[in-house]
Amino acid sequence: MDKRVVRTRYFLAKGFQLRYAGIILLIAFVTAVLSSLTVFSTMSNILGDKLSQVYPQGIFVAIFDKVAFALLKNMAVLSVIIFIFAIYISHRIAGPIHRIKSLIHDIGDGKIDTAIYLRKTDELHDLAEELNKMQENLKSRLKQTG
């Protein structure tokens with residue numbers, strides 16, 4: 001499969017890709033929230049005991065409010081980055097599925113000269129190779145009978 005395939009659209013199977021990205025984002029978000037809560041509560045317990053003698057309670061609360069705001073801001077930025085990355089990764093699956101559907105449609109319409117060419121980074125290479133073999137076998141059988 002030497003032919004280079006360049007895709008310019010990243011939403012080929014929009015529903016699939018958005019669900020895939022949403023699942024990845026949800027897993028990352030839940031992990032980040034649980035990790036942050038664990039670190040934040042541990043830090044507030046340890047530092048609260050140590051700093052309560054040094055700082056007045058109001059300053060201590062203000063410090064933790066700033067930390068919480070910074071944490072939320074960073075999680076929002078990371079969520080956007082994770083979502084974009086998930087769409088990019090899902091494209092490696094959705095692209096081959098799109099090309100496989102096109103091949104099946106073409107064969108159904110009698111166009112048996114087409115083949116699937118995937119990028120090196122795409123998934124489903126084994127399936128594409130088997131479909132290309134099937135297409136070649138079908139073409140040779142039609143030549144024998146025709």
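The values are calculated or read from the model by the stated rules, or taken from the named source; none is laboratory data. Computed from a predicted structure; not experimentally measured. Here the Cβ is made from the backbone with ideal geometry for all residues, glycine too, and neighbour counts use every protein chain on show. Side chains are part of the model used for accessible areas, which takes the heavy atoms of the whole protein and leaves out ligands, DNA and RNA. Shrake-Rupley method; radii C 1.70, N 1.55, O 1.52, S 1.80 Å.
Quick one: among 110, 95, 22, which has the greatest mean-square fluctuation in a GNM of the chain with alpha-carbon springs under 10 angstrom? Evaluated over the chain, the most mobile residue of the options is 110. Dividing the helix sum by the residues of the chain, where each DSSP H run of 4 or more adds -39500 (n - 2.57), gives a mean residue ellipticity at 222 nm of -28000 deg cm²/dmol.
Only Cα pairs under 8 Å and at least 6 apart count here; give the relative contact order of the chain as a rounded whole percent.
On the way: 91 pairs, mean separation 52.5, N = 146.
Reported relative contact order: 36 percent.
When only alpha carbons of the stretch 86-146 are considered, Rg and Dmax amount to 13.2, 48 Å.
Each residue, residue 29 and residue 45, gets one label point 7 Å from its Cα in the Cβ direction; the gap between the two is 2.8 nm. This model, with +1 at the C-beta of Lys and Arg and -1 at the C-beta of Asp and Glu, gives the chain a dipole about its Cα centre of some 440 debye. Compared with the dominant Cα axis of the chain, that is its longest principal axis, helix 14-51 is turned about 20°.
Quick check: at a probe of 1.4 Å, how many percent of the accessible area of the chain sits on carbon and sulfur atoms? Result for the chain: 64 percent of the exposed heavy-atom area is carbon or sulfur.
Under 16 Å between alpha carbons: how many lysine pairs meet that in the chain, if sequence neighbours fewer than 8 apart on the same chain are excluded? Close lysine pairs found across the chain: 8. Within 10 Å, at most 10 other Cβ atoms, and a DSSP state outside H, G, I, E, B define an exposed site. Report the longest part of the chain free of exposed trypsin sites (Lys or Arg not before Pro). Here the longest segment lacking exposed loop sites spans 10-119.
In whole Å and largest first, what semi-axes does the C-alpha gyration tensor of the chain yield when each eigenvalue is scaled by 5 and square-rooted?
Details: eigenvalues 645, 28, 21 Å².
So the equivalent ellipsoid measures 57, 12, 10 Å along its semi-axes.
Angle of helix 125-145 to the longest C-alpha principal axis of the chain, folded into 0 to 90 degrees and rounded to 10: 10°. Here the 3J(HN,Hα) profile of the stretch 61-74, calculated from phi with Karplus coefficients 6.51, -1.76 and 1.60 at θ = phi - 60°, is 5, 4, 4, 5, 5, 5, 5, 5, 5, 4, 5, 5, 4, 5 Hz, Gly and Pro shown as x.
Rolling a 1.4 Å sphere over the protein heavy atoms, what is the accessible area per residue of the chain, to the nearest Å²? All intermediate terms of the calculation are to be shown ahead of the outcome.
Working: 10420 Å² over 146 residues.
Dividing the accessible area of the chain by its residue count gives 71 Å².
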